[in-house]
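The values are calculated or read from the model by the stated rules, or taken from the named source; none is laboratory data. Being a predicted model, the structure only gives us computed values, none of them experimental. Note that we place each Cβ from the backbone using ideal geometry, even for glycine, and neighbour counts take in every protein chain shown. The accessibility values were calculated without ligands, DNA or RNA, using every heavy atom of the protein model including side chains. Shrake-Rupley method; radii C 1.70, N 1.55, O 1.52, S 1.80 Å.
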Amino acid sequence: MLEIHDLNVNIGPTAILRNIRLRVDHGAIVGLTGRNGAGKTTLMRTIMGLLKPKSGTMQFHGQDLVALHAHQRSALGFGYAPEDRRLIPDLNVLENLCTPAWALGMKPAQIEQRLHHVQRIIPELEEFRPRRAMQLSGGQQKLVAIGRALMTADKLLLLDEPFEGVAPALSKRIAEVVGELRKEGFSALLSGADLQHAANVLDHTYQIDRGQMVAAESTRT
Ligand SMILES: Nc1ncnc2c1ncn2[C@@H]1O[C@H](COP(=O)(O)OP(=O)(O)OP(=O)(O)O)[C@@H](O)[C@H]1O
């Protein structure tokens, strides 16, 4: 489904990603591990179209992604929950959930339908809806960021560091949500220095170090 070959990404004059290859099959939950600064966020941002590769190919269902802008990739069914969540602190959770749907020009009835679907996967969001984003814990904000990504995504989710800085009970809950996404037929790429919490839902884990893939292992039988 998503296939990346020989991807090279520079930020300014510095080579950040080198000869990256990665594959996410339909319905697969794939991990991307590596230390801080290894290049996980850079890879996610490049897949979303927020950074332009220097060279290499990225295809989604055989379609060339490199030629598409970020909003065109969202329209293909991609959702992105960034590491720093990027919630708008003064807006309530409902408004935060709706921002990408508004940006894509979805009609109110369609937004309502998506909200219903997202809340079925993450029921906590219904209770959070009236609260301002700044009133939530870091882990609760991560759940909202996943929900927001789901508002426009129906195929591929990129979850950058979903467990980073999250208390164990909420990490367990986020892993359950990833399990639900699998049941719903989503594919996902999850990054983290430690993906232990998600070990039983990951199909494969890629390991990245200093901008290069060092290993890919199968984690499920
Ligand atoms: N805007 C930027 N300008 C210069 N260098 C950058 C920029 N963004 C990232 N880098 C560098 O690119 C490398 C990869 O960073 P990246 O954020 O992708 O790593 P990461 O694996 O996601 O780690 P972290 O969890 O710390 O974010 C790091 O060496 C980082 O310093």
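If you check 65, 7 for being more than 16 Å from the ligand (Cβ to nearest atom) and open to solvent by less than 30 Å² (accessible area, probe 1.4 Å), only one passes: 65. Criterion applied to 112, 95 was being open to solvent by 70 Å² or more (accessible area, probe 1.4 Å), free of Cβ contacts under 8 Å to residues at least 60 places away in the same chain and in a helix (DSSP H, G or I), and the one residue passing it is 112.
Counting the residues of the stretch 125-145 that are touching a helix residue (DSSP H, G or I) at 6+ places or on another chain (Cβ under 6 Å) and either β-branched (Val, Ile, Thr) or open to solvent by 20 Å² or more (accessible area, probe 1.4 Å) (or both) gives 4. Only one of the numbered conditions (1) open to solvent by 10 Å² or more (accessible area, probe 1.4 Å); (2) under 18 Å from residue 125 (Cα atoms); (3) not in a strand (DSSP E or B) is violated by residue 80, and that is (3).
The single condition among (1) part of a helix (DSSP H, G or I); (2) open to solvent by 10 Å² or more (accessible area, probe 1.4 Å) that residue 154 does not satisfy is (1). Being surrounded by 19 or more Cβ atoms within 10 Å (Cβ to Cβ) and at pLDDT below 95 is a description that applies to residue 171. Selection of the stretch 20-49 for residues being farther than 16 Å from residue 77 by Cα, open to solvent by 20 Å² or more (accessible area, probe 1.4 Å), within 13 Å of the ligand (Cβ to nearest atom) and not β-branched (Val, Ile, Thr) yields 35, 36, 37. As a summary of the residue check, residue 88 satisfies the conditions (1) open to solvent by less than 30 Å² (accessible area, probe 1.4 Å); (2) outside any strand (DSSP E or B) except for the one numbered (1). Among residues of the stretch 141-159 that are closer than 14 Å to residue 115 by Cβ, those with a Cβ under 6 angstrom from a residue that is open to solvent by 10 Å² or more (accessible area, probe 1.4 Å) and hydroxyl-bearing (Ser, Thr, Tyr), sequence gap 6+ or separate chain, pair up as 149/80; 152/74. All conditions but one from (1) more than 16 Å from the ligand (Cβ to nearest atom); (2) crowded, with 19+ Cβ neighbours inside 10 Å; (3) over 19 Å from residue 102 (Cα atoms) apply to residue 161; the one that does not is (1).
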